[in-house]
1. Which of (1) modelled with pLDDT of 95 or more; (2) of a type in the set (Ser, Thr, Tyr); (3) touching a Leu at 6+ places or on another chain (Cβ under 6 Å) is the odd one out, the single condition Tyr11 does not satisfy?
2. Might you let me know whether region 73-90 holds any residue that is over 18 Å from the mean Cα position of the chain (by Cα), without any contact (Cβ under 8 Å) to a residue 40 or more places away in the chain, farther than 26 Å from Asp187 by Cβ and crowded, with 17+ Cβ neighbours inside 10 Å?
3. Among the residues of region 50-72, write down those that are open to solvent by less than 50 Å² (accessible area, probe 1.4 Å) and under 15 Å from Thr146 (Cβ atoms).
4. Going through region 61-97 one residue at a time, which ones are out of contact with any His (no Cβ under 9 Å at 6 or more places or on another chain) and closer than 17 Å to Gly128 by Cβ?
5. Determine which single condition Ala116 fails, assuming it passes every other condition in (1) surrounded by fewer than 20 Cβ atoms within 10 Å (Cβ to Cβ); (2) closer than 26 Å to Leu18 by Cα.
6. Checking the condition touching a His at 6+ places or on another chain (Cβ under 9 Å), crowded, with 21+ Cβ neighbours inside 10 Å and of a type in the set (A, V, I, L, M, F, W, C), which residue from Leu164, Leu131, Leu139, Leu181 passes?
7. Between Asp97, Asp125, Asp157, which is without any contact (Cβ under 8 Å) to a residue 24 or more places away in the chain and not small (Gly, Ala, Ser)?
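The values are calculated or read from the model by the stated rules, or taken from the named source; none is laboratory data. Everything quoted here is computed from the prediction, not taken from an experiment. Cβ sites come from the backbone with ideal geometry, for glycine too, and all protein chains shown count toward neighbours. Heavy atoms of the whole protein, side chains included, go into the accessibility calculation; ligands, DNA and RNA do not. Shrake-Rupley method; radii C 1.70, N 1.55, O 1.52, S 1.80 Å.
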Amino acid sequence: MRLFFSSGCPYAQRTRALLAVLQQPFDSEEVDLANKSPAFLALSPTGAVPLLEDGDFVLFESAVVNEYLAEKYAWADAFPPGARARAQHRLAMKRFDDVVAPLFFRSLRDATAPDAHPTWRREVDYLGARLADAHPRSLLGLHLATFWQRMTWVRPDAQVVQALRAAGGDFLDAAAAQPELLATAPDRETTVRELLKRFG
């Protein structure tokens, strides 16, 4: 099994942390996102990381890769019991990626960005309700923790961060403090500088 990743990428860190949680060995290949190799681009239809190569099976998109790994290795803690609860966790992860995280990064350049998105607080409230019945050491915990690390490093006083803290800060702090998350975290100073350069 081989994982293509970039050390600063929160999406790729999700998968690296999960493989550490699962204690599964894997080969890794770091991708220079500014200069992607032809070999990597031949495997990846999106040119994004993470990309997992499991024998002749290739998979991308961090949420999909992580669900595959959780199912392959029968990780009992991945989701709560019950089809509805699992669906709600999947929806919370998708809405976080589609709305909440991008809104935070937009707000680094424009502090009024959240005000322009009329439903963002409902997204955070929905997420908070899911955290109430979740365990930090779950797919939902891993999914959020890599972004929470970066959010609290870059702008802990941002409106989105404060709303997330009110909705489930204890959960998010516990998820981000797991040994596997800390072991796969990028260098804080470099990450903050790069994020502010890109979004700030």
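1. (3)
2. No.
3. Pro50, Ser62, Ala63, Val65, Asn66
4. Ala85, Gln88, Arg90, Leu91, Lys94, Arg95
5. (2)
6. Values: Leu164 fails: touching a His at 6+ places or on another chain (Cβ under 9 Å); Leu131 fails: touching a His at 6+ places or on another chain (Cβ under 9 Å); Leu181 fails: touching a His at 6+ places or on another chain (Cβ under 9 Å).
Only one candidate passes the filter, namely Leu139.
7. Working: Asp97 fails: without any contact (Cβ under 8 Å) to a residue 24 or more places away in the chain; Asp125 fails: without any contact (Cβ under 8 Å) to a residue 24 or more places away in the chain.
The match here is Asp157.
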